[in-house]
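Peer 1: First the structure, which I've put down as structure tokens, then a few questions once you've had a look.
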Amino acid sequence: MSTDLDIIDYNRLDQSGMMEQIKSFTEDFKKAWQKTEPIKIPDSYKEVKNIVLCGMGGSGAANELIKEIAFDSHCPIESIHDYTLPGYVDENSLVITTSYSGETEETISCFNEAREHQAKLFAIASGGTLNKLAESSQTPQFIFDYPSEPRMAIPYLLSPLLRIFSRLGFYELPDDFSNICDQAERVIS
């Protein structure tokens, strides 16, 4: 028995709505980028000697992307997917913890360890324990609301990282940044 692919009901096969999320990726990225505009970075963060990005799964994927995008930064960048930070983390380090749910135990462990080492911190989450820890310690954070699979939340996980890195002077956004989003949208559509 053969199946005619032209008559397959993709909505029935794609019950999580991944196709629509892929189609809306660049529009979601533009929205996420606008929402990151209010991010404030303390001046002391501009003096860091290294950056450690903490996250698991889809959240960790955004960290890997920014690490590659900012590869020519003058500041060493490491992305970890574990419970513990590298031994060199201290008050001269910036630790960015990223967790879609805000409940990822490895990321929360790294957040707490970074506080113990007096590292500079930034948290990215949709809420949860990570958000509460950031609030109670007065840690700068970006909170987003985007209901999806974590791997599809890349626009909301990567945009704050781009904003942070550009405001720290570790990554220069291209002059035609919005044009890049428009071009990507034409390719995906």
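The values are calculated or read from the model by the stated rules, or taken from the named source; none is laboratory data. As the structure is a computational prediction, the values presented were derived from the model and not from experiment. Here the Cβ positions follow ideal geometry from the backbone for every residue, glycine too, while neighbour counts run over all protein chains shown. Heavy atoms of the whole protein, side chains included, go into the accessibility calculation; ligands, DNA and RNA do not. Shrake-Rupley method; radii C 1.70, N 1.55, O 1.52, S 1.80 Å.
Peer 1: Quick check on residue 98: is it polar (S, T, N, Q) and modelled with pLDDT of 95 or more?
Peer 2: Yes, satisfied.
Peer 1: Answer yes if at least one residue in segment 149-157 is within 19 Å of residue 45 (Cα to Cα) and outside any loop (DSSP other than H, G, I, E, B), and no otherwise.
Peer 2: Checked segment 149-157: no residue is within 19 Å of residue 45 (Cα to Cα) and outside any loop (DSSP other than H, G, I, E, B).
Peer 1: List the residue pairs whose Cβ atoms are under 6 Å apart, where the first residue sits in segment 111-130 and is on the phi < 0 side of the Ramachandran plot, the second is small (Gly, Ala, Ser) and in a strand (DSSP E or B), and the two are 6 or more positions apart or on different chains.
Peer 2: Sorted first by the residue in segment 111-130, then by its partner, the pairs are 119/93; 125/99; 130/99; 130/123.
Peer 1: Another question about this same structure. Mind listing just one residue for me: the one in segment 66-76 that is closer than 11 Å to residue 165 by Cβ and in contact (Cβ under 8 Å) with a residue 60 or more places away in the chain and, of those, most open to solvent (accessible area, probe 1.4 Å)?
Peer 2: The selected residue is 69.
Peer 1: Could you check, for segment 45-59, whether at least one of its residues is over 23 Å from residue 155 (Cβ atoms) and of a type in the set (Phe, Trp, Tyr)?
Peer 2: yes
Peer 1: Condition first: open to solvent by 40 Å² or more (accessible area, probe 1.4 Å) and not hydroxyl-bearing (Ser, Thr, Tyr). Now tell me which residues in segment 77-90 satisfy that.
Peer 2: Hits for segment 77-90 are 78, 81, 82, 87, 90.
Peer 1: Going by the structure shown, is residue 146 modelled with pLDDT under 90, of a type in the set (Phe, Trp, Tyr) and open to solvent by less than 50 Å² (accessible area, probe 1.4 Å)?
Peer 2: yes
Peer 1: While we're on this one: Looking only at residues in segment 24-55 that are among the aliphatic types (A, V, I, L, M) and surrounded by fewer than 20 Cβ atoms within 10 Å (Cβ to Cβ), which one is nearest to residue 148 (Cα to Cα)?
Peer 2: So, considering only residues that are among the aliphatic types (A, V, I, L, M) and surrounded by fewer than 20 Cβ atoms within 10 Å (Cβ to Cβ), the one nearest to residue 148 (Cα to Cα) is 39.
Peer 1: Across segment 91-113, what is the total count of residues that are open to solvent by less than 10 Å² (accessible area, probe 1.4 Å) and either aromatic (Phe, Trp, Tyr) or farther than 19 Å from residue 145 by Cβ (or both)?
Peer 2: Within segment 91-113, residues that are open to solvent by less than 10 Å² (accessible area, probe 1.4 Å) and either aromatic (Phe, Trp, Tyr) or farther than 19 Å from residue 145 by Cβ (or both) number 6.
Peer 1: Just one of the numbered conditions (1) modelled with pLDDT under 90; (2) closer than 15 Å to residue 29 by Cα; (3) open to solvent by less than 30 Å² (accessible area, probe 1.4 Å) is not true of residue 151; which one?
Peer 2: Here residue 151 clears every test but (3).
Peer 1: Could you list, in sequence order, the residues of segment 137-177 that are free of Cβ contacts under 8 Å to residues at least 40 places away in the same chain and under 16 Å from residue 103 (Cα atoms)?
Peer 2: 141, 143, 145, 147
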